[in-house]
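Visitor: One structure, pasted below without further comment.
The values are calculated or read from the model by the stated rules, or taken from the named source; none is laboratory data. Treat the numbers as computed from the prediction; the structure is a model and nothing was measured. Cβ atoms come from the backbone with ideal geometry, glycine included; neighbour counts cover every protein chain shown. Just the protein is used for accessible areas: all its heavy atoms, side chains included, with ligands, DNA and RNA removed. Shrake-Rupley method; radii C 1.70, N 1.55, O 1.52, S 1.80 Å.
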Amino acid sequence: MAGGRTEFSSKLGVIAATVGSAVGLGNIWRFPYEAGTHGGGAFLICYIFFVLVIGVPVICAEFTMGRASRLGIPGAFRYGHNSRKWEGIGYLGILAAILILGFYSVVAGWTFEYIIESVSGAFQDTTADERHIHFEDFISGWRAVGWTICFLIINAIVSLGGVQKGIERVSNILMPLLFLILLAFCINSAFLPGFNEGVSFLFHPDFSKLTPDVILSALGQAFFSLSLGMGCLVTYSSYFSDRTPLVKTAAQIAVLDTLVAILSGLVIFPAVFSFGMSPAEGPTLVFEVLPGIFNLMPGGMIWSTLFFLLLAVASLTSIISVSEIVVTFLSDEFKISRVKSTVSVTSITLVTSTLCSLSFGPLKWLNLFNIFDYVSSNILMTLGGLGVCIFVGWRMSPADAREELHGKAGVPMWLYSTVMFIIKYLAPVCIGIVFIAGLL
Ligand code: PHE
């Protein structure tokens with residue numbers, strides 16, 4: 001306990017919860033179609049560059065703020081000085097969290113429907129057109145809203161359990177399960193006839209597709225996938241013990257998160273090519289194309305069920321972390337109980353996610369789903385990342401930053417200096433350039 005604040009109880013808990021936050025729809029659903037439509041290997045190279053060179057140091061910066069202040073956002077932006085000038089960046093993070101909760105829980109809800117349909121064999125002997133009509137029908141209706149609500153209720157139950165008994169305990173069970181399922185898929189994938197073609201699609205670089213817009217997408221994807229730029233890791237690290245090695249943990253998250261993204265690509269593309277489907281389907285790839293493919297495989301019902309279970313698990317551990325940003329914010333700033341803050345977050349999200357879900361039906365004209373996605377991942381998270389780097393690099397006392405990254409279970413001085421150099425100079429410049437270029 002630091003100042004009476006709960007802490008994660010074990011190293012495994014820290015890794016399971018933070019990797020659980022990072023690994024989500026972003027890896028399994030978004031990464032494959034972003035890579036697939038944006039030049040395959042060329043996108044991948046950009047993405048890995050951003051994860052390692054910018055992502056890891058920015059994770060370290062978020063950890064530094066969270067553990068030093070023992071507050072979520074925006075409180076962490078007040079650390080070490082009395083003015084409230086920096087708090088605004090923290091509020092951008094809260095806004096990003098609310099937007100992400102809105103659209104993310106909709107897609108998460110779809111996974112429940114698809115688990116049930118897979119178990120009941122509903123996709124057997126369906127044509128691509130039938131699956132397309134079915135998907136469009138389903139996402140535009142109230143049934144999708146119902147599943148989203150279910151998801152939010154499960155999230156609320158975990159959140160009510162608190163950091164140790166809720167988040168940590170659930171992550172400790174779900175993350176190993178996720179890796180097991182993914183492993184089973186990879187083994188299966190290696191035996192598919194389209195394995196080589198799938199691998200070359202994912203890894204073959206087509207540099208002609210690398211426009212500024214694609215580079216912005218790669219950075220946006222890296223930030224989204226690592227849960228950066230909106231205070232999620234600030235919030236989680238405010239519950240780390242002083243013994244948690246920050247730089248090492250940051251590197252572990254980056255490696256495991258990228259591994260899951262690449263493995264998902266290696267699961268999805270070989271299957272797509274083996275059954276003569278198009279890899280450039282975009283967002284519907286996972287929901288329309290894959291069930292058809294599973295259908296053609298031996299044991300298809302089981303694979304299909306397992307796949308949507310994988311997606312559901314990945315989304316749940318991510319949603320838990322996003323809602324924790326707001327729960328911690330409400331509890332820290334207004335000193336209200338976890339029960340009250342969880343109920344407040346869940347109530348707001350019930351409204352926003354219903355509106356997002358109906359963006360595929362009656363509220364198509366408003367299309368909040370796409371707006372929430374675009375604004376949070378391409379604008380707010382990039383700005384938040386920039387704010388975190390400038391705060392830790394230029395505003396926070398260097399002695400405090402050094403204490404977190406180098407002093408407490410930290411890294412050698414040269415590595416600390418490199419990380420700080422990136423946080424101060426390289427990361428803000430890169431984020432700034434890519435952000436402006438992408439907007440233009
Ligand atoms: N990182 C998660 C994913 O890849 C999404 C997420 C974003 C979670 C921001 C928390 C905060 O799906």
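Visitor: If I filter the stretch 381-396 down to residues being crowded, with 21+ Cβ neighbours inside 10 Å and within 16 Å of the ligand (Cβ to nearest atom), which single residue comes out as nearest to L219 (Cα to Cα)?
Guide: T382
Visitor: Test A96 against the criterion of being part of a helix (DSSP H, G or I), within 13 Å of the ligand (Cβ to nearest atom) and out of contact with any strand residue (DSSP E or B) (no Cβ under 7 Å at 6 or more places or on another chain), and give yes or no. Give the steps one after another, and end with the answer.
Guide: Working: part of a helix (DSSP H, G or I): yes; within 13 Å of the ligand (Cβ to nearest atom): yes; out of contact with any strand residue (DSSP E or B) (no Cβ under 7 Å at 6 or more places or on another chain): yes.
So A96 passes the test.
Visitor: Another question, if that's okay. Which numbered condition in (1) open to solvent by 20 Å² or more (accessible area, probe 1.4 Å); (2) within 14 Å of A251 (Cα to Cα); (3) within 17 Å of the chain's Cα centre (by Cα) is the only one that V53 fails?
Guide: (3)
Visitor: Can you tell me which residue within the stretch 281-324, out of those that are free of Cβ contacts under 8 Å to residues at least 40 places away in the same chain and closer than 28 Å to V170 by Cβ, is farthest from the ligand (Cβ to nearest atom)?
Guide: Once the filter is applied, the top-ranked residue is I302.
Visitor: Of all residues in the stretch 185-198, which are open to solvent by less than 40 Å² (accessible area, probe 1.4 Å) and under 25 Å from C46 (Cα atoms)?
Guide: C186, G198
Visitor: Count, please, the residues in the stretch 325-373 that happen to be of a type in the set (F, W, Y) and more than 16 Å from the ligand (Cβ to nearest atom). Spell out the reasoning first.
Guide: Looking only at the stretch 325-373, we keep the residues that are of a type in the set (F, W, Y), and these are 329, 334, 360, 365, 369, 372.
Subset that is more than 16 Å from the ligand (Cβ to nearest atom): 334, 360, 365.
Final tally of qualifying residues: 3.
Here is a yes/no grid of residues against (1) polar (S, T, N, Q); (2) closer than 28 Å to Y239 by Cβ; (3) within 12 Å of the ligand (Cβ to nearest atom):
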residue: L12; (1), (2), (3): no, yes, no
residue: A17; (1), (2), (3): no, yes, yes
residue: L25; (1), (2), (3): no, yes, yes
residue: F31; (1), (2), (3): no, yes, yes
residue: A35; (1), (2), (3): no, no, no
residue: G39; (1), (2), (3): no, no, no
residue: F50; (1), (2), (3): no, yes, no
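Visitor: Under 8 Å between Cβ atoms, which residue pairs at least 6 apart in sequence (or on different chains) link something in the stretch 249-260 that is within 15 Å of V411 (Cβ to Cβ) with a partner that is charged (D, E, K, R)?
Guide: none
Visitor: Identify, from the list A409, A437, A427, A399, the residue that is hydrophobic (A, V, I, L, M, F, W, C), surrounded by 15 or more Cβ atoms within 10 Å (Cβ to Cβ) and assigned to a helix (DSSP H, G or I). Lay out the reasoning, then the answer.
Guide: Numbers: A409 fails: assigned to a helix (DSSP H, G or I); A437 fails: surrounded by 15 or more Cβ atoms within 10 Å (Cβ to Cβ); A399 fails: surrounded by 15 or more Cβ atoms within 10 Å (Cβ to Cβ).
Unique residue meeting the criteria: A427.
Visitor: I'd like the residue in the stretch 235-259 that is crowded, with 24+ Cβ neighbours inside 10 Å and either within 11 Å of the ligand (Cβ to nearest atom) or small (G, A, S) (or both) and, out of all such residues, is farthest from G41 (Cα to Cα).
Guide: Ranking the qualifying residues of the stretch 235-259, first place goes to S238.
Visitor: Can you tell me which residue among L182, L174, L160 is within 22 Å of the chain's Cα centre (by Cα) and crowded, with 22+ Cβ neighbours inside 10 Å?
Guide: Working: L174 fails: crowded, with 22+ Cβ neighbours inside 10 Å; L160 fails: crowded, with 22+ Cβ neighbours inside 10 Å.
Only one candidate qualifies: L182.
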